[in-house]
Amino acid sequence: MMESDLATTTTEPVITAARPAGPRLLGAVGDGAEAGGLARYRQFHPRPTPAVAGRPDRRIIEMAEQAGLRGRGGAGFPTGRKLRAVASARKVPTVVVNATEGEPISHKDHFLALRAPHLLLDGAAWAAAAVGADQVQICIDRNDRDAITQVRSAIAERLHLEPGGTPVEVLETPPRYVAGEETALVHWINGGEAKPTMTPPRPFEKGVDGRPTLINNAETMAHLALIAERGAAWFREQGTPDEPGTCLVTVTGAVGQPRVVEVGVGSSLLTVVRAASGLTQSVGAILVGGYFGAWLPGSALETVRLSNAALRPYGAALGCGAVHLLPASGCGVMESARVLEWYSYESAGQCGPCVHGLAALADGMKTLTMSGRTDPAQLERWAGDVERRGACALPDGAARFIRSALTVFADDIEDHRRGRRCPGSKRAGLLPIPSRRGGPIWQ
Amino acid sequence: MAMKYRVRLDPIRCTGEGLCADLFPEAIRMDDWGYPIIDGRPLSRDELAHARRAVAACPALALSLEQVEHRAFPDAEPAQRAHSR
């Protein structure tokens, strides 16, 4: 019975955009062909400075540094520093836009590619100018047909209206979570399987075709475009001094309208919930940062703010900005078991501790859900034993996730262990688990 | 100052043969699934010989000695390690 629960794919929420006060990225929504396309977009956004291969434009790099922009894909690396590292290499660099978005409850990059393709392409163009690149590759999950079509038609429009820019192409990536990890992406672009490789070297030193490669998340590129247009001080008008700017948040779960919203970093969770038309049920727990993130207790709903500083005490981080509100009627133990099963499936199968450790964590959590006959302390130990043991950070994510589950759902786990399974654990799961049709695809 | 070294493992290459933990238990122990957990601390002069034996014995060529040095790009691994995406 549990088996079928775990395999259930719940319907993906229909994502629409909310526009709270002063949207930035979402202010560019509707720049696709049906909304007037590039001609209309250029009324509000100047054409980026053309990239000159091998000649970085340091002014753009300085603006990114002064803006304090950090990557919005999950790791939060300072974008300006990454630009500088790529630009200071001897070979002519190349640019990769990462819009693969393998995180099952995040839809922001999909949304940007679909509804603001010219903002995305401008971001990539500014990035290419910043580092002096001679090509741009935009990576989108091959199952995300709508976004691929939209970005390709925006590229075609540019070739027609603005010829002579840096060559841009869309690459359709394998539909796997770790395929979006930067070393996996580079390995795949270079003709290999979309599996992580050992670092160093990191892509900024040796990436696509062995050249220094700037890989940024799609949202990060979009912010970069607006920073280049409007300046670092403008960017800092929102967010906190330590974590400036806005961020896209994908809100799903017990809300009236699941959607992508844009808020200043450090805004309250309640702001985001209100922008998604409020709660539909009382909340049991909150998953912040996606499946690669951590659970917060439902009690955090009223107080917590969406910044890394505010989330740190919970062992959580903003990550890719996905927030899921689990209703109190759901079972956090079972949902955690389903997510750990997802982790185990998503392992590239390369590193022993990841292959065996994630399977052990998933099995343990499943047993906890069904019979309670697992010692949570054992799972805690295994979490420590998988951490930092893989070539990529997938096991680290699983460790962080299960630790938060063991903490936040401690009382529920105790109930399950005493044979008092909650009603929620006997219903179908709530969190979406991607379909496994077609089996593992790495090419 | 003398160069400091530490043991480095390539987890993709590692097949869990376990020779390393037998040869250098001071810095390498096995997990519940038969794969080595490496203590990445800088090695003392006495330990270095043991480490070299463990590195040489690995049939998967997964172990190496790495110089402990100032890293050119220290933030490449953020405090809270996350996927760079």
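The values are calculated or read from the model by the stated rules, or taken from the named source; none is laboratory data. What you are looking at is a predicted structure, and each value in this text was computed from that prediction instead of being measured. Quick reminder, even Gly has a Cβ in these numbers, built from the backbone with ideal geometry, and neighbours come from all protein chains shown.
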Hits in region A:386-409 (condition: more than 13 Å from chain B (Cβ to nearest Cβ) and not in a loop (DSSP other than H, G, I, E, B)): A:I402, A:A405, A:L406, A:T407, A:V408
Complete set of residues in region A:146-183 that are within 14 Å of chain B (Cβ to nearest Cβ) and aliphatic (A, V, I, L, M): A:V178, A:A179
Residue, surrounded by the most Cβ atoms within 10 Å (Cβ to Cβ), within region A:145-162, restricted to residues that are free of Cβ contacts under 8 Å to residues at least 40 places away in the same chain and charged (D, E, K, R): A:R152
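Please determine, by comparing only the residues of region A:207-265 that are of a type in the set (D, E) and buried (at least 23 other Cβ atoms within 10 Å of the Cβ), which one is nearest to A:G298 (Cα to Cα). Give the steps one after another, and end with the answer.
In the first step, residues of region A:207-265 are kept if they are of a type in the set (D, E); the result is A:209, A:219, A:229, A:237, A:242-243, A:262.
With buried (at least 23 other Cβ atoms within 10 Å of the Cβ) added as a condition, the list becomes A:219, A:262.
Working: A:E219: 28, A:E262: 22 Å.
So, considering only residues that are of a type in the set (D, E) and buried (at least 23 other Cβ atoms within 10 Å of the Cβ), the one nearest to A:G298 (Cα to Cα) is A:E262.
Which residues, taken from region A:89-101, are within 14 Å of chain B (Cβ to nearest Cβ) and modelled with pLDDT of 95 or more?
Let us first name the residues in region A:89-101 that are within 14 Å of chain B (Cβ to nearest Cβ), namely A:89, A:96-101.
Result: A:V96, A:V97, A:N98, A:A99, A:T100, A:E101.
In region B:1-27, what residues are in a loop (DSSP other than H, G, I, E, B) and within 14 Å of another protein chain (Cβ to nearest Cβ)? Walk me through how you get there before you give the answer.
Start the filter on region B:1-27 by keeping residues that are in a loop (DSSP other than H, G, I, E, B), which leaves B:1-4, B:10-18, B:24-27.
Result: B:D10, B:P11, B:I12, B:R13, B:C14, B:T15, B:G16, B:E17, B:G18.
Residues in region A:143-152: is at least one of a type in the set (K, R), closer than 27 Å to A:A322 by Cβ, part of a loop (DSSP other than H, G, I, E, B) and modelled with pLDDT of 95 or more?
Step one: filter region A:143-152 for residues of a type in the set (K, R), giving A:145, A:152.
With closer than 27 Å to A:A322 by Cβ added as a condition, the list becomes A:145, A:152.
So of that shortlist, the ones also part of a loop (DSSP other than H, G, I, E, B) come out as none.
No: region A:143-152 contains no residue that is of a type in the set (K, R), closer than 27 Å to A:A322 by Cβ, part of a loop (DSSP other than H, G, I, E, B) and modelled with pLDDT of 95 or more.
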